[in-house]
Amino acid sequence: MTGGRRVAARPASSNAALGSLSDREVDRLWLRGDARAFPEVHRRYRRRLEAVAYRIVGNHADAEDVVQRVFLALPGSAYTGRASLWTYLYRAASNAAVNVLRSRRRRAALEQEGLLRLREAQRESASRGADAKVLEGEVLAAVAGALLHVKPRHRKVLVQRIVWGLSNSEIAEREGVPPATVGTWVRRGREELRRALGPLVRDLEREGSP
């Protein structure tokens with residue numbers, strides 16, 4: 001009552017801070033497409049969802065990433081209001097966290113498989129005969145010597161391309177030249193290396209012939 005007159009109550013969404021609304025009222029704002037709903041939902045539920053995700057993944061950074069993806073997907077989601085928005089977000093965060101955990105386990109399994117293959121390759125290398133190791137050392141020494149006959153700028157990009165595995169664009173960025181120039185230098189460097197290795201190739205061919 002004000003001055004003997006009854007003042008009509010305004011809807012809560014217009015005369016009260018969003019933070020004072022109940023979860024159900026915020027759900028209704030979201031379903032109506034109210035632009036104020038998303039920041040309020042994010043403020044209201046983010047920390048709780050991160051706690052849910054953390055209990056599954058056991059890592060704060062992964063939990064934050066899970067919740068971020070859930071909120072990014074929310075505007076295009078199929079939420080219809082059958083359950084509360086909190087329930088919908090809880091399930092979405094739980095499922096996303098489980099997927100992260102599965103992905104992490106698959107990655108660990110692949111890394112373990114790669115490690116086993118590397119160890120097997122090392123064992124095979126160790127079991128090779130002494131003659132093969134000597135020959136391998138001679139070939140590597142010959143290649144290193146042949147590289148000295150390649151022009152310095154060609155040699156530099158050739159090593160980055162073949163040994164380091166960099167792309168022409170990456171080499172161009174490092175050297176401050178156009179990628180096309182890198183391509184030309186790599187091609188010329190290979191030609192020069194091939195010519196320098198000519199005697200070794202011929203010797204190997206002779207040794208391998210009956």
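Give the residues of region 75-91 that are part of a helix (DSSP H, G or I) and farther than 16 Å from residue 47 by Cβ, sorted by residue number.
Correct list: 75, 76, 87, 88, 91.
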Listed by first then second residue, the pairs whose first member lies in region 80-93 and is in the same structural domain as residue 66 (by TED's automatic domain parsing), whose partner is in a loop (DSSP other than H, G, I, E, B) and surrounded by fewer than 20 Cβ atoms within 10 Å (Cβ to Cβ), with beta carbons under 7 Å and at least 6 positions apart or on separate chains, are 85/79; 88/79
Test result for residue 46, in the same structural domain as residue 22 (by TED's automatic domain parsing) and either modelled with pLDDT of 90 or more or under 18 Å from residue 19 (Cβ atoms) (or both)
yes
For region 158-174, give me each residue that is crowded, with 16+ Cβ neighbours inside 10 Å and at pLDDT 85 or above.
168, 171, 172
If residue 195 passes every condition in (1) at pLDDT 85 or above; (2) under 21 Å from residue 148 (Cα atoms); (3) charged (D, E, K, R) but one, which one does it miss?
(1)
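The values are calculated or read from the model by the stated rules, or taken from the named source; none is laboratory data. Since the structure is predicted, the reported quantities are computational estimates derived from the model, not experimental observations. Don't worry about glycine lacking a Cβ; one is built from the backbone with ideal geometry, like all the others, and counts go over all protein chains shown.
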